[in-house]
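Q: My structure is below; once you've seen it, I'll send some questions.
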Amino acid sequence: MAFQMTRRSFLQASASAALTTALSGWLVSGAQAKSGFVRKPFTAPGSFGDTTTVSGSFCEMCFWRCQLVGKLRDGKLVKLEGNPKSVDNGVSICARGNAGVKLLYDQDRLKYPLKNVGKRGAPVWKRISWDEALDECASRLQGVIKNNGAQGIAMFPHGCSATYPMHYFEHVVGTPNVSEASFFQCRGPRDMAYLNTLGVQADESVDMPNAKAILLVGTHIGENIHVSHVKQYLKGLENGAKLIVIDPRFSSSASKADIWVQIKPGTDTAFLLAIMNYLVKKGAYDKAYVQKNGEGFDKFTKAIAHADLDWAAKICDVPAAQIKEVADLLAKNAPHVSIHPGRHVTWYGNDFQRERALACLTGLLGAIGVKGGFVKGKGPKLANVSWPNIAGEHAEEFALHKKAEKHVFSPPGTPTQMLRDAAISNKPYPINACIAWGQNPIQTIPGQQDTIKMLQKMDFVMVVDVMPTDITMYADILLPELSYLERYDYFVKSGVQWNLNDKHQQYIAPRTPLVSSLSADHQRKDSVWITNELAKRMGHAEHIPAATTEELLDKVLAGGNISLAQIKKENGIHLQPGSDPYGVSYPVKFFNDELADAGYPGVPNYTPVPEPPKGFARLVYGRVPVHTFNRSQNNVWLNAEMPENPIWLNHETAHKLGLKSGDRVNLVNQDGVISATTSILKVTQGIRKDTIFTAHGYGTKNPAMTNAANKGIDDQALITKPAVDPETGAHGMRTSFVRIMKDGKVLNIPV
Amino acid sequence: MSQYGMVIDLNKCVGCHACSVACRAEWDVPVGVDSAKRKQRRNWVERLGPDTTPHGLASTYYVGLCNHCDSPVCVESCPADKVDVTFSDPKTGQKKTLSVAATWKDPFNGTVQIDKERCLGCGACADSCPYTARYLFEENGTPKADKCTLCVERTAIGLEPACVQTCLARARVYGDLNDKKSEIARYVGKGSIRLESTKIKIGPNVRYYGKKKDISLLTQSSAPEKMAEVNYRRIFMTRILRPSIKQLSGSSLIGLLGAIATKNDDNA
């Protein structure tokens, strides 16, 4: 190298010092590092050696709840790892789990109770004491109760810490108007559909490690990371399972698939009906299972008789031969097939029917209680300890969907659209107080302008959170919560070993603090303390079920004949023998008369969704593995991995429009709503021409989120015309159509 | 001798980025770019595609880290004064003395390491790496080259590398490529590839295993095509300024180095 010449020219004379340290020896032999850890200058010390390991707790960077250990140095958390004792996630945690350290020490975290002395949406914060904050919350909530009744309070909860206050407001205060994003903007239609088909909740109870074929409809495992679930999926693939992915986009799962069906968005149910009709006509279904456990099978076969391959091929815009190929593959591998129920399923407002179709297909293939099929692990029992239900009747009486006799198959709580409409219109009764606890309704609920309208008309808005998400800008009183790493929690993570075919074990893993919550620089509190203090001020002191989270937690654990002290001794996870989950069968309501009686289709049916107007493509959204909606956006490590959400655009479309990967663009929807921010274009052959995709949860508008603010595009701001699922009242959110705007010029999407 | 390395099994990898983030946590890797605009990272995941390949539509991941190459150009480029260092093989007790600059390839385990105390922080090694696997850690005010060590500090006490431990897919296979009985050696036998091009062949010891289409996408998008250029002027200036650098505080130091780099780039 020429460089050697240059180098010689400035070599200095100090070159002769000889080092005799046996470097390899230091690097490879363990004795030294174990006996006395020596920190080297300029070298990061790592998470081992001079750290202490605290076992316990589980993650809340998302809601899968992987079990953790923390590595601490001088009382400071330096690293999180999976708990080696875990039979669920094991020593692995995902990117978000690893980045929990940076949530804990995020400079933007809420620190003190704050009062908004400016306007909702344009807050000016004044620091107040907990007494002042709680007194004001109590008196203003009581004011609303006095004027409007308990039903005048709306609540938007999410996460472990929100359960306890949610029960308080439902059961003691007496409002029915609790709307959980995890139901009405996520899993509600799935869980209700499976309950009304197989009689059990769906969860994600498919035995993928032991499957011979796996069917994913829109589910993009890999971009959506839940550690033990991804382990199940990968183990299945490793064991040779055929993977079928139905998705308009070449998702991370599609890239591993044996068959990728590039379906037209919104037509999945037609696809599923055609498969079932084909299998029925061919006699290629599990006749014994259906005969023994099926209900209304004749009505079912008649109702889907029209759904032939050509019919579906035309609707779904895929070859009939490919639909047949999928059906044959499933039949060939039945009953050892995992028909995945999905997780986030609130897509088009016809989602209950699609989920019913998935459950029926599972039954048709006899894929229940068998290796690779729909199997539910039997978890440990715990006590159900909470607030007494003293006002449940009042709540029931004022439940909006029950009053209106709509959404008969709603999951628990009140459908969000009905709640928001009622709050804005004061019909059938006024709703004048709003509580958001761990949820960010600005970005979880479609129709953002209506959500803001609802918030603006409230007499009182109270928000409890860890981070200054967008909803916090609308609070009158904003309360800071301890993070999951600093607190006990009411919720206990429990379950069984990740691979149902392994030794049957049950686990109980409570949340215990990994680091001290005590610090002079903040006054954060946990949700049990906050709720109890509020309850005392609202005259409900006598109903408080436990004085502290620890006490409450011990009561929950007592139901499993275990104590918190004992689990702490067992390194945070209690293991006990489990039982064989296989061999169970569930009834399959191919025709459901309760549905029919309520005026809904008794057999799964396909309702077409509106087509994109000329010049527009459908906006679909999904997950990226490094973020959990808006919650994780401000995390410095996660933000660095993926600061913006690329806009996926078909390569031929891009070519026609003169666009290329990396271009900065806005999106404009059918109502003329322009994204407040831009993001980068990703031009690819892996998406249909009628579809534009981006990741959900970006583009927070709160400047207090200093890393995340205005980065990427907020998809929710563009979803201005959500659909509502008739059976469940859950939202459908893949209902917006968009065009691309570059340098201020709006471009039509060619057909 | 041993040659430690890693195989990334792309059939298993789902591109979750846990490895990159665990590495940041383990080794305090800063976020952002250094004064020469290099990404500060030891370990990275880049999503590739979906894009066409001769074997069909593909989407996979460039899971990158230091390759601990057979012929590490970074080691060649280090201008620090050479000193005699005695290495020893913990297995055999054998010793070997080599004259090395501030970065070297260990004669017994094959890893490429940096002596942070002797590192001048000039960035020559980082400039020279065709895989951009090195960056300057400047956060303490005294710039030092930094990169993946294959977690030799962790493996020395029986722990897995941080990225390997956290990998839910078990897609990262760590071990001695020269140990024919190891899992990693079996992957070599199965046809894992080195990320090389016709122009760049320096013997990377991180290998990739996967479907033809995924390997095709990886190599067409991410194999280095040219040897990186070393900014000799910056190195020269760093050396000259070295005594005075020690007197400067952290923030002004970064500014100063940045200014030198820019100025010299302009001149060049």
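Q: Of the residues that sit in the stretch A:90-113 and are within 7 Å of another protein chain (Cβ to nearest Cβ) and in a loop (DSSP other than H, G, I, E, B), which one is nearest to A:ALA133 (Cα to Cα)?
A: To start, the set of residues in the stretch A:90-113 that are within 7 Å of another protein chain (Cβ to nearest Cβ) comprises A:91-95, A:98-99, A:101.
Remaining after also requiring in a loop (DSSP other than H, G, I, E, B): A:91-94, A:99.
Values: A:VAL91: 41, A:SER92: 40, A:ILE93: 37, A:CYS94: 37, A:ALA99: 31 Å.
Among residues in the stretch A:90-113 that are within 7 Å of another protein chain (Cβ to nearest Cβ) and in a loop (DSSP other than H, G, I, E, B), the one nearest to A:ALA133 (Cα to Cα) is A:ALA99.
Q: Of the residues that sit in the stretch B:28-62 and are open to solvent by 20 Å² or more (accessible area, probe 1.4 Å), facing another protein chain (nearest Cβ under 8 Å) and among the β-branched types (Val, Ile, Thr), which one is nearest to the chain's Cα centre (by Cα)?
A: Restricting to residues being open to solvent by 20 Å² or more (accessible area, probe 1.4 Å), facing another protein chain (nearest Cβ under 8 Å) and among the β-branched types (Val, Ile, Thr), the top hit is B:VAL31.
Q: Answer yes if at least one residue in the stretch B:5-27 is under 13 Å from the mean Cα position of the chain (by Cα), more than 8 Å from chain A (Cβ to nearest Cβ) and over 30 Å from B:GLY141 (Cβ atoms), and no otherwise.
A: yes
Q: Given the criterion buried (at least 22 other Cβ atoms within 10 Å of the Cβ) and within 12 Å of the chain's Cα centre (by Cα), identify the matching residue among B:CYS151, B:CYS122.
A: B:CYS151
Q: While we're on this one: Suppose we keep only residues that are of a type in the set (Gly, Ala, Ser) and more than 14 Å from every other protein chain (Cβ to nearest Cβ) within the stretch A:663-695. Which one would you say is farthest from A:SER736 (Cα to Cα)?
A: For the stretch A:663-695, the residue satisfying everything is A:SER679.
Q: Turning to a different aspect of this structure: Mind listing just one residue for me: the one in the stretch B:154-181 that is among the small types (Gly, Ala, Ser) and surrounded by 17 or more Cβ atoms within 10 Å (Cβ to Cβ) and, of those, nearest to B:VAL63 (Cα to Cα)?
A: Restricting attention to the stretch B:154-181, the residues satisfying the condition of being among the small types (Gly, Ala, Ser) are B:156, B:158, B:162, B:169, B:171, B:175.
Next cut, surrounded by 17 or more Cβ atoms within 10 Å (Cβ to Cβ) only: B:156, B:162, B:169, B:171, B:175.
Details: B:ALA156: 24, B:ALA162: 14, B:ALA169: 13, B:ALA171: 10, B:GLY175: 17 Å.
Here the residue is B:ALA171.
Q: Follow-up. Mind counting the residues in the stretch B:199-242 that are open to solvent by 80 Å² or more (accessible area, probe 1.4 Å), part of a helix (DSSP H, G or I) and either among the acidic types (Asp, Glu) or modelled with pLDDT of 90 or more (or both)? Please lay out each step first, then the result.
A: Within the stretch B:199-242, the subset open to solvent by 80 Å² or more (accessible area, probe 1.4 Å) is B:199, B:201, B:212, B:220, B:225-227, B:229, B:232-233, B:236, B:240.
Keeping just the survivors that are part of a helix (DSSP H, G or I) gives B:212, B:220, B:232-233, B:236, B:240.
Imposing the further condition that a residue be either among the acidic types (Asp, Glu) or modelled with pLDDT of 90 or more (or both) reduces the set to B:212, B:220.
Adding up the residues that qualify gives 2.
Q: Identify the single condition in (1) within 20 Å of A:GLU325 (Cα to Cα); (2) open to solvent by 10 Å² or more (accessible area, probe 1.4 Å); (3) touching a helix residue (DSSP H, G or I) at 6+ places or on another chain (Cβ under 7 Å) that A:ILE244 does not satisfy, given that it satisfies every other one.
A: All conditions pass for A:ILE244, except number (2).
Q: Could you count how many residues in the stretch A:160-212 are under 23 Å from A:PHE409 (Cα atoms) and either of a type outside the set (A, V, I, L, M) or part of a loop (DSSP other than H, G, I, E, B) (or both)?
A: Looking only at that region, the number is 32.
Q: For the stretch A:261-371, please list each of the helices (runs of 4 or more DSSP H) lying entirely inside it that holds at least 2 residues being open to solvent by 10 Å² or more (accessible area, probe 1.4 Å).
A: Once the helices (runs of 4 or more DSSP H) in the stretch A:261-371 are filtered for at least 2 residues that are open to solvent by 10 Å² or more (accessible area, probe 1.4 Å), what remains is A:268-282, A:287-293, A:297-303, A:309-316, A:320-333.
Q: Return the residue satisfying two criteria in turn: it lies in the stretch A:430-460 and is among the aliphatic types (A, V, I, L, M) and within 24 Å of A:TYR698 (Cα to Cα), and of such residues it is surrounded by the fewest Cβ atoms within 10 Å (Cβ to Cβ).
A: Start the filter on the stretch A:430-460 by keeping residues that are among the aliphatic types (A, V, I, L, M), which leaves A:431, A:433, A:435-436, A:442, A:445, A:452, A:454-455, A:458.
Subsequent filtering for residues that are within 24 Å of A:TYR698 (Cα to Cα) retains A:435-436, A:442, A:445, A:452, A:454-455.
Details: A:ILE435: 27, A:ALA436: 27, A:ILE442: 25, A:ILE445: 27, A:ILE452: 17, A:MET454: 23, A:LEU455: 23.
My answer is A:ILE452.
Q: Can you spot a residue in the stretch A:598-613 that is more than 14 Å from chain B (Cβ to nearest Cβ), polar (S, T, N, Q) and open to solvent by 10 Å² or more (accessible area, probe 1.4 Å)?
A: Within the stretch A:598-613 (the criterion being more than 14 Å from chain B (Cβ to nearest Cβ), polar (S, T, N, Q) and open to solvent by 10 Å² or more (accessible area, probe 1.4 Å)), the answer is yes, since at least one residue qualifies.
Q: Follow-up. Can you tell which of A:LYS119, A:LYS146, A:LYS115 is in contact with a strand residue (DSSP E or B) (Cβ under 7 Å, 6 or more places away or on another chain) and of a type in the set (D, E, K, R)?
A: A:LYS115
Q: Which residue is nearest to the other protein chains (Cβ to nearest Cβ), if the candidates are limited to the stretch B:74-95 and must be under 18 Å from B:ALA228 (Cβ atoms) and open to solvent by 20 Å² or more (accessible area, probe 1.4 Å)?
A: By that ranking, first place goes to B:GLU76.
Q: Is it the case that some residue within the stretch B:69-83 is in a loop (DSSP other than H, G, I, E, B), among the acidic types (Asp, Glu) and in contact (Cβ under 8 Å) with a residue 40 or more places away in the chain? Full working, then the answer.
A: Our first condition is that a residue be in a loop (DSSP other than H, G, I, E, B); within the stretch B:69-83, this holds for B:69-72, B:78-82.
Now narrow it down to the ones that are among the acidic types (Asp, Glu): B:70, B:81.
Adding the requirement that they be in contact (Cβ under 8 Å) with a residue 40 or more places away in the chain leaves B:70.
Scanning the stretch B:69-83 turns up at least one residue that is in a loop (DSSP other than H, G, I, E, B), among the acidic types (Asp, Glu) and in contact (Cβ under 8 Å) with a residue 40 or more places away in the chain.
The values are calculated or read from the model by the stated rules, or taken from the named source; none is laboratory data. Not measured: the values here are computed from a predicted model. Don't worry about glycine lacking a Cβ; one is built from the backbone with ideal geometry, like all the others, and counts go over all protein chains shown. Heads up: the accessible areas ignore ligands, DNA and RNA and are worked out on the full protein's heavy atoms, side chains in. Shrake-Rupley method; radii C 1.70, N 1.55, O 1.52, S 1.80 Å.
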